[in-house]
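Here the structure is laid out as structure tokens; the discussion comes afterwards.
Please treat every number below as a calculation from the coordinates, not as lab data. Only a predicted model underlies this, so the values are computations on that prediction, with no experimental measurement involved. Using ideal geometry, Cβ is built from the backbone for each residue, glycine included, and neighbour counts are taken over all protein chains shown.
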Amino acid sequence: MKVTAIILVMITGIAATGFNFKTSDQPKPWPVPDADKNKVNPISSDASSIADGKALWITHCQSCHGKKGMGDGAKAAQLKTEAGDFSKVTTQAQTDGSLFYKIAKGREDMPGFKKKIPENDDIWSLVNFVRTFKK
């Protein structure tokens, strides 16, 4: 009986402090409107575009998502949600339009980058760079 009471007090204490468990096993769905999901990347995935995307990644994304897009950047531990592993099939299976939408709009811990990266072609190049994280 005492052990049960102690466990209950511990659980209550954790809940009361607002302890934040990251929800990496069941990520919250991130719906993308069909019109955005179906957009085709107008920027060829060539060496120049990938280099441009990499430069943007280093500046805007690497601190949370990590050098190789595995969600292990220096700031990842400070986030309320998982930064995500972009090499996973679940990310790579998304359309270019979906990735563009998520980069531009953001949600929760993920800021929208449309203001910091105002040129659509630059965001498309960033999408091309994200594609290099395939396993």
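Once you have the Kirkwood Rh of region 29-71 from its Cα pairs, apply Stokes-Einstein at 20 °C and 1.002 mPa s and quote D in µm²/s.
Estimated via Stokes-Einstein, D reaches 173 µm²/s.
Take region 24-135, drop everything but the C-alpha atoms, weight them equally and run the Debye formula without solvent; then report log10 I(q)/I(0) at 0.21 Å⁻¹ to two decimals.
Debye curve over Cα of region 24-135, log10 I(q)/I(0) at q = 0.21 Å⁻¹: -1.27.
Over region 31-133, what is the mean sequence separation of C-alpha contacts under 8 Å (at least six apart), divided by residue count, expressed as relative contact order in percent?
38
What is the list of residues in region 79-110 whose amide nitrogen lies under 11 Å from a point 7 angstrom out from the Cα of Glu119, following Cα to Cβ?
No residue qualifies, since no backbone N sits under 11 Å from the label point.
Taking 25 Å as R0, compute the FRET efficiency from the Cβ-Cβ separation of Asp34 and Lys134 and round it to 0.05.
FRET efficiency, Asp34 to Lys134: 0.50.
Explain nothing, just the number: dipole magnitude of region 31-133 about its Cα centre with +1 on each Lys and Arg Cβ and -1 on each Asp and Glu Cβ, in debye rounded to the nearest 20.
240
Residue by residue through region 50-61, what is 3J(HN,Hα) from phi via Karplus (6.51 cos²θ - 1.76 cosθ + 1.60, θ = phi - 60°)? Round to whole Hz and write x for glycine and proline.
5, 5, 4, x, 4, 4, 5, 4, 4, 6, 10, 10
Mind listing the phi-derived Karplus ³J(HN,Hα) values for region 71-76, rounded to whole Hz, using 6.51, -1.76 and 1.60 with θ = phi - 60°, and x for any glycine or proline?
x, 10, x, 4, 8, 4
On full extension of the chain, what length is gained from Ile58 through Glu108, given 0.36 nm per residue of separation minus the C-alpha to C-alpha distance? Write out the running numbers ahead of the final one.
Numbers: separation 50, 0.36 × 50 = 18.00 nm, distance 2.09 nm.
Net length gain for the segment: 15.9 nm.
If I model a spin label at Lys88 and Ala47 as a point 7 Å from the Cα along the Cα→Cβ vector, what separation in nanometres do I get?
Computed distance between label sites Lys88 and Ala47 equals 3.4 nm.
Could you derive backbone 3J(HN,Hα) for region 120-135 from the dihedral phi with the Karplus parameters 6.51, -1.76 and 1.60 (θ = phi - 60°), listing whole Hz in sequence and x where the residue is Gly or Pro?
After applying 6.51 cos²θ - 1.76 cosθ + 1.60, I find 4, 4, 5, 5, 5, 5, 5, 4, 4, 5, 4, 5, 6, 7, 4, 6 Hz.
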